[in-house]
Amino acid sequence: MKPALDTRALINRENNIAQLILITILIFVAMSALNPDKFLRFYNFESITYIFPELGLLSIAMMIAMLTGGIDLSVVGIANLSGILAGSFFHAVLTRQQLSADPAIPQVLVGVAIALGTGLVAGALNGLLIARLKITPILATMGTGQLFTGLALVITGGPAIAGFPKSWAFIGNGALFRLAVPFLIFLVVAGLIAFLLSRTVFGINLMLIGTNPKAAVFAGLRTTRMIFFSYVATGVLGSLAGIILSGRTNAAKADYGTSYLLQAVLIAVLGGTNPAGGRGTVLGVSIAVLALMLLSSGFQIMRFSIHLIDFIWGAFLLLVIAINTYLNRK
């Protein structure tokens, strides 16, 4: 009986990937036809490789949370707080001249540790609230998201912390072998997460928890510990996205990337992640990010209103969820 279930899951996954690839091709063709002079420029695709990673990492974090039937609404708050704490450290130990001219590699390494440590602690807090105290994930992470944003506002007083060392800016704006550094970081991290979820006991058990929580308990799985570590992982991914975002913009602010939260949920669902848990792939999420980035780039080139774009994202999210729910019932 088990092989039949595995085969069906594999077929469903491959069908979803094929549909995503088709959607991406259709979006590319449509945007190319509507505005070929601007959309098909090399600069347009190059800029996508710099923005793609931060949204991609947040979307993968959202997918990991959804695998257990949860959600993480605090990832953007974690990203901003991580960048702000690192920026505060740089401004405390480096002069203005050093910030603009000195690579300050030792300080940048400490800053990376501070940012990732922030994500680890924030993720652990989410994990404790959800796994130990049994608070509903949407309520727990909504509360902690406000907590992290409020703490960021207390630290900055409202304005952005601007001016980071050159080495930090290289993380968000640099290039290696003519490829964007943020994109290379995303490829490495996405590959590691994909391996973790598909080739390790932890990943397989995480899927089982989302598919059938009661069966996971009867099978002797330590569901509390695994859910805890899944939110630790989402926190670290959020902080990594914050490092890239602050490096790209050379600033950190409490309300940066607010639209990313809706987009991360949309991308996770569009990428084949089941919001009820048990199903999701890094490849599917990555293709969905590419499709949404191409669509967003086309909208901006055609000078669509930012508010109209947010409306389209929301409508698209509802449509995708409705279609997936209908197909799952059939």
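Some observations on this one:
- Candidate set: segment 79-99, residues that are touching a helix residue (DSSP H, G or I) at 6+ places or on another chain (Cβ under 8 Å) and small (G, A, S); chosen: the one farthest from M66 (Cα to Cα): S88
- Of all residues in segment 69-102, those satisfying the criterion of being of a type in the set (A, V, I, L, M, F, W, C) and part of a loop (DSSP other than H, G, I, E, B) are I71, L73, L94.
- The residues of segment 158-182 that are of a type in the set (K, R) and either within 20 Å of the chain's Cα centre (by Cα) or in a helix (DSSP H, G or I) (or both) amount to a single one, K166.
- Boolean, T149 is closer than 20 Å to M63 by Cβ and either assigned to a helix (DSSP H, G or I) or among the aromatic types (F, W, Y) (or both): no
- Enumeration of residues in segment 125-146 that are surrounded by fewer than 17 Cβ atoms within 10 Å (Cβ to Cβ) and either part of a helix (DSSP H, G or I) or in contact with a helix residue (DSSP H, G or I) (Cβ under 7 Å, 6 or more places away or on another chain) (or both): L128, R132, I135, I138, L139, M142, G143, Q146
- Of the candidates L187, L196, L208, L192, the single residue that is in contact (Cβ under 8 Å) with a residue 24 or more places away in the chain, part of a helix (DSSP H, G or I) and either under 30 Å from G272 (Cβ atoms) or more than 21 Å from the chain's Cα centre (by Cα) (or both) is L208.
- Residue within segment 235-253 that is part of a loop (DSSP other than H, G, I, E, B), within 22 Å of A122 (Cβ to Cβ) and touching a residue at least 12 places away in the same chain (Cβ under 8 Å) present: yes
- Scope segment 264-308; condition surrounded by fewer than 16 Cβ atoms within 10 Å (Cβ to Cβ) and more than 16 Å from G70 (Cα to Cα); matching residues: Q300, M302, R303, F304, S305, I306, H307, L308
Quick note: the coordinates plus some simple rules give every number you see, no bench work behind them. These numbers were taken from a predicted model, which means no experiment stands behind them. Glycine also receives a Cβ, built like all others from the backbone with ideal geometry; neighbour counts cover every protein chain displayed.
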